[in-house]
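Just below is one structure, and these are the notes that go with it.
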Amino acid sequence: MKYLLNIIIIISSFSLISNSKSISQTYIDFTANDLEGNEIILSSLLKNGPVMIAFWRTWCPSCNEEQKAMNELYSKYKPSGFQYLGINVDNQKSVSKVRAYVSAHNFTFTVILDTDKKIFEMSGGTDDIMPYSLILSKTGDIIHTRIGFKSGDENEIENEIKKILNLN
């Protein structure tokens with residue numbers, strides 16, 4: 001009986017380990033076009049330094065708040081090698097709204113469209129989580145994930161950026 005119990009505990013432990021999302025998980029490379037039609041390849045961005053990828057929608061208030069805060073952080077840490085990539089997951093009908101929104105807010109970071117949500121789903125995103133973001137190390141390891149955004153979260157994100165850039 002004791003032997004059987006130990007086996008069950010060991011199997012359960014392996015099951016829990018294999019089903020959990022590890023923070024050292026490596027991101028899968030992708031290629032997409034930005035709003036100006038330029039080809040963006042994730043692995044090319046990573047050559048310059050860590051990358052934060054944020055999935056957002058134009059009609060999502062938390063997403064909009066995050067994008068505004070991240071525009072400031074991107075400008076501040078870009079000289080240190082930090083990259084920020086906003087990936088909009090609105091549908092094809094909303095593309096003109098995305099362009100207008102980005103232009104109206106003078107975003108300086110790269111924005112790509114993921115209207116078919118392939119990148120979003122490949123990244124572990126689901127429709128019930130928004131905004132959803134990942135911070136990747138220069139080697140492509142996922143070092144931080146975030147679901148949602150509220151005022152003040154930019155401080156936590158800035159600490160993560162400083163940590164990965166070794167600015168602490």
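None of the figures in this text is laboratory data; all of them are computed from the coordinates on show. Because the structure is a prediction, the values reported are computed rather than measured. Neighbour counts run over all protein chains shown; Cβ positions are idealised from the backbone, glycine included.
Counting 0.36 nm for each residue step from Thr145 to Asp116 and taking away their Cα separation leaves a gain of 8.3 nm. Rounded to the nearest 500, the 222 nm mean residue ellipticity of the chain from helices alone is -12000 deg cm²/dmol, with -39,500 (n - 2.57) taken per DSSP H run of at least 4 residues. Compared with the dominant Cα axis of the chain, that is its longest principal axis, helix 2-19 is turned about 10°.
Between Val95 and Asp127, the FRET efficiency from the beta-carbon distance, with R0 = 22 Å, is close to 0.75.
Relative contact order, whole percent, for the chain stands at 29, derived from Cα pairs under 8 Å and 6 or more residues apart. Shown here is the pair-distance distribution of the range 87-168: with all Cα-Cα distances grouped in 5 Å bins from zero up to the longest one, the shares run 3, 12, 18, 21, 23, 15, 6, 1, 0 percent. For the range 49-133, the relative contact order comes to 42 percent (Cα pairs under 8 Å, sequence separation of at least 6). Between the beta carbons of Gln25 and Thr108, assuming R0 = 25 Å, the FRET efficiency works out to 0.30 to the nearest 0.05. In this simple spin-label model, placing a label point 7 Å from the Cα along the Cα-to-Cβ direction at both Asn33 and Lys138 gives a separation of 3.2 nm. Over the range 32-168, what per residue volume does the convex hull of the Cα atoms give, in whole Å³? It is 101 Å³ per residue.
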